[in-house]
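Working notes for the structure below.
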Amino acid sequence: MKNASRMQGGFAVVAALFLIVALAALGSFMVTISNTAQLTSAQDIQGSRAYWASRGGLEWVVAAVDATAPVPPATTPAATCPTTAAPAQLDGFSLVVTCTAQTYSEAGASIRIFQMTSVASPVGTAVGDVGFVERSVSASFER
């Protein structure tokens, strides 16, 4: 009888090793899934912050154009794009705000069309970095 129990004693070690390896693989899989979920959530929040920073830059340029607009029946020149620089940073995001104006003549009236774009990206990151998010908002109107 002693021979039979000696042969079965090695099977418990193999089963225990298999169980340890399986549990370690499952644990590493769970850690990977948790890290991915956390990174995705952080990127989503950062993207939302970038959108609102970009939107703030667009609101700034729209207000700057509107501030230069003449009040009817004034004979002052038509509104122009702002000459002052847009805020360079807003809440940790770098802003690039552009404004172009084109004048058209329609039925003897001068119409000016403004096209504005605001791009926000986080300060200190570059394209390809894990924390890099960029949002762009555009608008156009005529005056």
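The values are calculated or read from the model by the stated rules, or taken from the named source; none is laboratory data. Bear in mind the structure is a predicted one, so any value in this text is a computation, not a measurement. Because the Cβ atoms are built from the backbone with ideal geometry, glycine has one as well, and the counts that use them run over all protein chains shown. Ligands, DNA and RNA are stripped out before the accessible areas are found, and what is left, the full protein with its side chains, is counted by its heavy atoms. Shrake-Rupley method; radii C 1.70, N 1.55, O 1.52, S 1.80 Å.
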I need the Debye-formula profile for the chain: one equal scatterer per C-alpha, no solvent, reported as log10 I(q)/I(0) at q = 0.10, 0.14, 0.17 1/Å, two decimals.
-0.57, -0.80, -0.96
If each of L19 and Q89 carries a label point 7 Å out from its Cα toward its Cβ, how far apart are those two points in nm?
5.6 nm
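Can you give the extra length, in nm with one decimal, that the chain gains between V31 and R55 once fully stretched, where that is 0.36 nm per residue apart less the Cα-Cα distance? Let's see the in-between values first.
Working: separation 24, 0.36 × 24 = 8.64 nm, distance 3.62 nm.
Extra length available between V31 and R55 comes to 5.0 nm.
Please report, as a whole percent, how much of the solvent-accessible surface of the chain comes from carbon and sulfur atoms (probe radius 1.4 Å). Please report the intermediate quantities before stating the final value.
Details: 6340 of 10020 Å².
Carbon and sulfur atoms account for 63 percent of the accessible area of the chain.
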What is the set of long-range amide H partners of F93 at a cut-off below 5 Å, with H atoms built 1.01 Å from backbone N?
V123
Can you compute the modelled spin-label distance between S41 and S136, with each label point 7 Å from Cα toward Cβ, in nm?
3.2 nm
State, as an integer percentage, the relative contact order of the chain based on alpha-carbon contacts under 8 Å between residues 6 or more apart.
22 percent
Before anything else, pin down the relative contact order of the stretch 86-143: Cα pairs under 8 Å, at least 6 apart, normalised by residue count, whole percent.
31 percent
Specify the residue with the greatest mean-square fluctuation among Q46, Q38, Q115, computed from a Gaussian network of the chain linking alpha-carbon atoms under 10 Å apart.
Q38
